[in-house]
Amino acid sequence: MLTKTLEKVLLPLAAFTILGATAACTEPAPPQLGTGRNLYALVLERDLPGFAPRPIVIGRFKALIPRYAEAPGLRAKYFVISDRRTYGGVYLWTDKAAADAYLASPLLAEISAGAAGERSVTRFEIPLAINGPAAGTADLRKGGEVIRIVRITPPAGTPRSAILAGFEQAAPTYAATPGLVHKWFSIAEDGRFGGVYVFADKAKADAWFSPAWRARVRATYGADADVLSFDAPVKIEY
């Protein structure tokens, strides 16, 4: 019963990001950029300084790109700026061990040296990462995608197996979602399910996360979904 409930929610709401799924969600061999199973994601953020012109921030992002070749297990990083005046990165890793190693690494300590304010760290299991139809298109080579991170509290007593089954059932919907580049189906540390969505542009993201979508979430769960928004002007994918 719980599985059917989740299917009804996941398919129409698409409440749950990365490259080339098939309808059967089989993992390609070799894997395409950013796709896979049993991956791990981190979101690292700091507050922007009072004076932080966007071109300077983006220039700093670009200057750091070569350093990430030193990060074992990194599958993708989106350098991000949020509408909450934060900056940082949304990372996809091969597994939790690689993510933990990065957090404890001299590389991160060096990159972060001199940065003001506390760094926040948000963690997600990524049981499944797929492509949307916009993956690999020529326009994306210049960067400029947007990211939406969704977290939804599941019904009380929902087993993990039902959430995972819901991900599999919903994947074909995302493979056909206009403007979607990637989706990482996610489970947060606090048990909320959802996804990290990468869209080709803000208009496509806003069309998906419409007032009607938000209303359906509210009607189903009795509370709003938590949706974080980021611009991603610079990216790295391995």
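Readers should treat all values here as calculations from the given coordinates under stated rules, not as data from a laboratory. Fair warning: this is a prediction, and the values are worked out from it, not measured in the lab. A quick note on method: Cβ atoms are made from the backbone with ideal geometry, for glycine too, and the neighbour counts reach across all protein chains shown.
Given region 178-238, what whole percent of its Cα pairs are spread farther than 17 Å?
Details: 892 of 1830 pairs.
Everything past 17 Å amounts to 49 percent.
At R0 = 45 Å, how high is the FRET efficiency between LEU103 and ALA203 if r is their beta carbon distance? Nearest 0.05 is fine. Could you put the intermediate results ahead of the total?
Working: r = 34 Å, r/R0 = 0.77.
For LEU103 and ALA203, the calculated efficiency is 0.85.
What distance in nm separates the two pseudo spin-label positions at LEU64 and ARG160, each 7 Å out from Cα along the beta-carbon direction?
3.1
Given R₀ = 41 Å, what would the calculated FRET efficiency be for ARG54 paired with GLU168, taking r from the Cβ atoms and rounding to 0.05? It would help to have the intermediate numbers written out before the result.
Details: r = 39 Å, r/R0 = 0.95.
The value I calculate is 0.55.
Take every Cα pair under 8 Å in region 53-139 that's 6+ residues apart, average their separations, divide by the length, and report that relative contact order as a whole percent. Mind showing how you got there, number by number?
Working: 45 pairs, mean separation 17.0, N = 87.
Relative contact order of region 53-139: 20 percent.
Enumerate by residue number the chymotrypsin sites (Phe, Trp or Tyr not before Pro) in region 35-81 meeting two conditions: DSSP loop (anything except H, G, I, E, B), and at most 15 other Cβ atoms within 10 Å of the site's Cβ. Mind showing how you got there, number by number?
On the way: sites: TYR40, PHE51, PHE61, TYR68, TYR78, PHE79; in loops: PHE51.
Answer in residue order: PHE51.
Which whole-Hz ³J(HN,Hα) couplings does region 124-136 yield from phi under the Karplus relation 6.51 cos²θ - 1.76 cosθ + 1.60, θ = phi - 60°, glycine and proline marked x?
9, 6, 10, x, 8, 10, 10, 9, x, x, 8, 5, x
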